[in-house]
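The values are calculated or read from the model by the stated rules, or taken from the named source; none is laboratory data. Computed from a predicted model, the values in this text were never measured in an experiment. Positions of Cβ are backbone-derived with ideal geometry, glycine not excepted, and every protein chain shown enters the neighbour counts.
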Amino acid sequence: MIILAIETSCDETSVAIIEGKGGLKNPSFEILSNIVLSQVKIHKKWGGVVPSLAKREHQANLIPIFKKALIKSELLKPTTVVGFENRQPLSVLAILNREPELLEQFLKFIPTIKIPKIDVIAVTVGPGLEPALWVGVNFAKALAMVWDKPVVAVNHMEGHVVASLLRSNLKSKISKIMQFPAIALLVSGGHTELALIKKWGDYKIVGQTRDDAAGEAFDKTARMLELPYPGGPQVAKQAENFKKYSLTFRMGGWTRREMEKEALNIKLPRPMIHSHDFDFSFSGLKTAVLYMLRDMKERHVNIGDFTPMICNEIQQAIVDTLIAKTIRAAKEFNAKSIILGGGVAANKELRLQLKKAVVRELAKTTALYLPSPKLTTDNAAMIGMAGYLRASQKDFTSPNKLVAKENLEL
């Protein structure tokens, strides 16, 4: 089954074409193309994603990226037929009337190509930024109308779940066979949640953040430290630098003994790590960083001297909490598999320490599935993989009923 996938949930515009085989029991995938265009440089000066700018960029870039995906997968074939014939051009005008730039490009490009040999169109319908989501949803609607193709509505978080199915070699046609029940730790800028998976398509959230997501904590504490956007990778980089110092390091002329004498304590809480549920909370961690930095300024301490040390503690506090809850959930539900997904899944320390924890705490009873770092950020390949699982269950949606849902739950 060949899936055309579209992803515009936030600030990455992506189109992918994948081939799925094996059905629900033994799914395997080959990525024929996966084109991703990031908007980080555009949103960087704002310190975060601006929904209206994201929508504008998706409109401008979807058709060029779509064309690249078709070329790379060798599915782009020109046609000698002029116009849409009976392929509902009026419907296209109605669907894309709020995306005029996309509409203009659509009408110029789509009539010039043959309908590619795809079986299904998969599109992210949520969660995400609603203005951004609608661009992808309306593009999928228009293509489905013109090409008379079935559509599957994909939950963005399910995409992050299935991203771990593919081996690190993205050209591999062989996937890993998942054993259930599984626990998925999904960690991104907008989400931190634990999902119990009894089978593909059967998801139950057993724990989630009560306030801020882990990725948001990374970004906002990075901003407090005046690190560039996006903050998560910057915090990780600073923490990695800290680990390169010897145990008897000097930071800005301070030794450990001098820090202890001055009661300069760089130690942060692990919020809710010992609670009897599987929920998370990271707002308190942000507040603790804020107060710590305020205290350092009042002591006339140069915060820049301690940035690597502070970042290491921020990262470790988040990693400790995520791993403790995940291992506990895996034991509670007798999980045979643990899945890591989401943008924060690219964090090297989280990946390394989670591997060690699974070996230490769960012995040989539980397998760990980590996505390739290339598939941790938002991309259409993972949406196509999730779309294949949905299509295998005949879980199609009428184009007229496709709706973007900003707060869609898994």
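General observations
- When each of Leu368, Leu340 is tested for being in contact (Cβ under 8 Å) with a residue 24 or more places away in the chain, part of a strand (DSSP E or B), in contact with a Leu (Cβ under 8 Å, 6 or more places away or on another chain) and surrounded by fewer than 19 Cβ atoms within 10 Å (Cβ to Cβ), the lone residue that passes is Leu368.
- Close contacts from the stretch 147-165, counting a first residue that is touching a residue at least 12 places away in the same chain (Cβ under 8 Å) and a second that is aromatic (Phe, Trp, Tyr), with Cβ to Cβ under 7 Å and a gap of 6+ residues or different chains, come to Pro150/Phe396; Val151/Phe396; Val152/Phe396; Ser164/Tyr369; Leu165/Phe29.
- Number of the condition not met by Lys149 [criteria: (1) out of contact with any strand residue (DSSP E or B) (no Cβ under 8 Å at 6 or more places or on another chain); (2) part of a loop (DSSP other than H, G, I, E, B); (3) of a type in the set (D, E, K, R)]: (1)
- Number of the condition not met by Ala60 [criteria: (1) aliphatic (A, V, I, L, M); (2) modelled with pLDDT of 95 or more; (3) surrounded by fewer than 22 Cβ atoms within 10 Å (Cβ to Cβ); (4) within 15 Å of the chain's Cα centre (by Cα)]: (4)
- Filter pass, Gly20 being part of a loop (DSSP other than H, G, I, E, B) and either assigned by TED's automatic domain parsing to the domain that holds Leu143 or on the phi > 0 side of the Ramachandran plot (or both): no
Yes/no per residue for (1) surrounded by fewer than 16 Cβ atoms within 10 Å (Cβ to Cβ); (2) of a type in the set (Lys, Arg); (3) outside the structural domain of Tyr388 (by TED's automatic domain parsing); (4) under 30 Å from Met178 (Cβ atoms):
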position	(1), (2), (3), (4)
Ser28	no, no, no, yes
Leu70	no, no, no, no
Lys77	yes, yes, no, no
Leu102	no, no, no, no
Phe106	no, no, no, no
Ala122	no, no, no, yes
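- Taking residues in the stretch 319-335 that are farther than 25 Å from Glu216 by Cβ, and partners anywhere that are modelled with pLDDT of 95 or more and of a type in the set (A, V, I, L, M), the pairs with Cβ atoms closer than 7 Å and at least 6 places apart or on different chains are Phe333/Ile183; Phe333/Leu196; Ala335/Ala182; Ala335/Ile183.
- Inclusion of Ile177 among residues that are out of contact with any strand residue (DSSP E or B) (no Cβ under 6 Å at 6 or more places or on another chain), assigned to a loop (DSSP other than H, G, I, E, B) and in the same structural domain as Gln59 (by TED's automatic domain parsing) is not warranted.
- When the residues of the stretch 384-410 are filtered to those that are assigned to a helix (DSSP H, G or I) and of a type in the set (Gly, Ala, Ser), the one that is surrounded by the most Cβ atoms within 10 Å (Cβ to Cβ) is Gly384.
- Test for Lys394: is it in the same structural domain as Asp119 (by TED's automatic domain parsing), among the basic types (Lys, Arg) and over 30 Å from Leu227 (Cβ atoms): yes
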